Amino acid sequence: MAKKPFHRSRTVAKSRVNYVYSQTVSLPGTLNIEADALPSKIVLIDYNEANQTQVQLETPEECAPYLDTESVSWVDVSGLGNRDIMQRLGRVFSLPPLILEDVVNVPERPKVEDYENQLVIIARMVITNEGRTGFYSEQVSFVLGKHYLLTIQEEPERDCFECVRARIRNNKGIIRKQKADYLAYTLLDAIIDGFFPVLEVYGERIEDLEQEVIAKPSRQTLQKIYQVRRDLLTLRRATWPQRDTINALIRDGNELISEEVRIYLRDCYDHAVQIIDMVETYRELASGLMDVYLSAVSNKMNEVMKTLTVMSSIFIPLTFVAGIYGMNFNTEKSPWNMPELEWYWGYPACLAAMVAITAGLLFFFWHRGWFESFSTTKHD
């Protein structure tokens, strides 16, 4: 069936992936390179228990001699901006056109596919955006063979694999004693663990928003809450299928994944479940913040209305007194026509009565607790 290609606008700082579908129809297996895709860079790391070699390759054909050796060859391709290199990689690794389409036409839903002597894994990697809000998100594709692992990333500037490279370079742990499937597990584990720093940042942001919502809510606060909810939704969309992908690697008996590595993948699966729990918890907290914000705004409006009501209540009797003595009945016609107008101390007495009425009302309001703020909370 023909597919409509899709293009991703790079809004990395806001941690959203926008899908813009074009109206042109392309055949299955067509490589749709984005206009802003970065140039491809190929790095080969070949290692065994005794030695390791890391070289940057100019052409995909240079890695062909390493693929049939007993050592483990990790070919890391960063950047999808060169259609010719992608097609030549497909020929070198004997990748079917549909596999090449999945790894190049990003974004793709995380999944695992079994193709004869190769295992294809699509994953999504997130990295914290230092100094800014949001996070970086990109697709990472794995093509696992018997003695090699091909990884294809969207961008060459950043990833979470440096700790794995250091372990290979310094011969730390058991990675150089294991095969390519263990390398694939190690990289997947690094991707899963990369979610925790991002979630830690969002946990701190939610705590700050809780204080802001209670103390001084504003329109900017509402925008921040909305952005956090959108970012957490993006993380949720990445973590749920990723958990299913790891579960498929454990459950399906592919010969390229050994029983020992499946045991390690269970730990990776547990971390994925933990991430999902954290994402769901933070999403509930963010939704609760929206309710708290609306309550805080309502309380703020009640405070304003309470202040206006108190002021009006104070001036109502004063206006009544002023209205009474503003009628100016003629005292010569009747002794009952406001005799206070003829008093020597009439004006000071009227002002004193107004002050006494005001003081009495203020005491009454204070005694009833109407001056207490309902929108503030006490902290231990």
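The values are calculated or read from the model by the stated rules, or taken from the named source; none is laboratory data. These numbers come from a predicted model, not from an experiment. Reconstructed Cβ throughout: ideal geometry from the backbone, glycine too, with neighbour counts over all protein chains shown.
Across the range 328-338, not a single residue is classified as part of a helix (DSSP H, G or I), surrounded by 12 or more Cβ atoms within 10 Å (Cβ to Cβ) and at pLDDT 75 or above. Only one of the listed residues (Glu108, Glu130, Glu116, Glu154) is over 25 Å from Asn48 (Cβ atoms), crowded, with 20+ Cβ neighbours inside 10 Å and of a type in the set (Asp, Glu). That residue is Glu154.
Residues in the range 65-80 that are of a type in the set (A, V, I, L, M, F, W, C) and assigned to a strand (DSSP E or B) were compared, and the one that is farthest from Glu157 (Cα to Cα) is Val72. In the range 341-369, the residues that are under 12 Å from Val321 (Cβ atoms) never reach a residue that is assigned to a helix (DSSP H, G or I) and of a type in the set (D, E, K, R) with C-beta atoms less than 7 angstrom apart, at least six apart or across chains. Gly81 satisfies every condition listed in (1) surrounded by 17 or more Cβ atoms within 10 Å (Cβ to Cβ); (2) among the small types (Gly, Ala, Ser); (3) out of contact with any Leu (no Cβ under 6 Å at 6 or more places or on another chain) except (3).
Scanning the range 150-176 for residues that are in contact with a strand residue (DSSP E or B) (Cβ under 9 Å, 6 or more places away or on another chain) and assigned to a loop (DSSP other than H, G, I, E, B) yields Glu154, Glu155, Pro156, Glu157, Arg158, Asp159, Cys160, Phe161, Asn171. In the range 89-134, the qualifying residues are those that are within 30 Å of Ile225 (Cβ to Cβ) and in a strand (DSSP E or B), and the one that is farthest from the chain's Cα centre (by Cα) is Ala123. Of the residues examined, Gln211 is one that is within 27 Å of Val297 (Cβ to Cβ) and surrounded by fewer than 17 Cβ atoms within 10 Å (Cβ to Cβ). None of Leu341, Leu265, Leu285 is surrounded by 12 or more Cβ atoms within 10 Å (Cβ to Cβ) and under 30 Å from Ala184 (Cα atoms) except Leu265.
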